[in-house]
Amino acid sequence: MRIELVLGAGSAYGLAHLGVLRALRERGHEIVRLHGCSMGALVAGAVAAGSVRTLEGLADRAGPLDALRLVDPPARGAGVVGGRRIERLLDELYGDRRIEDLDLPLRVVATDVTTWLPVAFESGELRAAVRASIGVPALLPPIEIDGRVLADGTLVQPLPIPDRPDPEAQTLLAVSVLGPPPTHPWEAGVPRRRTARYVMDSLSIAQHGIELAVLAAHPEATLLQLPAGDGASALSFHRAGRIAARGHLIAREQLPALGL
């Protein structure tokens, strides 16, 4: 089946998209267009650029030290992480590819922090568009593109379902990795050492609410929803392989029920 695929935000949870893609390949589906936000944009960009196998390999090998290697001190800007090492990862995945020259049509969504409106990239430098889309506030500093200050697309459009489906596609599949709440409970008085996780989980709550509104406005979309958590948090990048494997398992179970 020809599928127009929407990959939603979710920080480390979004690595489950790699498993979903594997399940779609196993079932013989063809992706004809991609839309991505935040981690969904990073994965969608790798698919469209033909480097998803590289990303899968990095996820399979990921451990605590690999996650730490992506962390660098901020030189300037409003971010805990400088982002230079993450930009090197994007360069490894995408090089100097431009969106309009990719193997598949791709739309990447970021947020203009001045106007509070979504910004959709369907042309231009891929690594810059994805870097803008993954710019989690307080974690990564926003960047400027064409005079606009841009941050994570999650803030306004975490599940970037298009207003008009692609006529070449037989179905529009939206993949959310922010399903039912994670199983780890929070208690009042969050320890200081877990502040970052608390902030990221709070952002996931806001994303989930926006997704529900988006889905209500797009009944034409088929939803594949993966529950968040299962021992991981939105910052569990060191568990990338496990998160991707879980995404594969759930997608393999749910796709037949969706007619896919």
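The values are calculated or read from the model by the stated rules, or taken from the named source; none is laboratory data. Fair warning: this is a prediction, and the values are worked out from it, not measured in the lab. Because the Cβ atoms are built from the backbone with ideal geometry, glycine has one as well, and the counts that use them run over all protein chains shown. Surface areas here come from the heavy atoms of the whole protein model, side chains and all, with no ligands, DNA or RNA. Shrake-Rupley method; radii C 1.70, N 1.55, O 1.52, S 1.80 Å.
Taking every protein chain into account, the 1.4 Å probe leaves Ile161 with about 10 Å² of accessible area, to the nearest ten. Computed from phi, the 3J(HN,Hα) profile of segment 120-126 under the Karplus parametrisation 6.51, -1.76, 1.60 (θ = phi - 60°) reads 9, 9, 10, 7, x, 5, 5 Hz, with x in place of Gly and Pro. Taking Cβ atoms as reference points and 10 Å as the exclusive limit, the residues near Val52 contribute a net charge of +2, counting Lys and Arg as +1 and Asp and Glu as -1.
From most to least packed by mean Cβ count within 10 Å, the peptides 152-159, 20-27, 113-120 give 152-159, 20-27, 113-120. To the nearest 10, the accessible area of Tyr13 is 10 Å² with a 1.4 Å probe. Charge tally around Gly10: other residues with Cβ under 12 Å, Lys/Arg +1 each, Asp/Glu -1 each, net -3.
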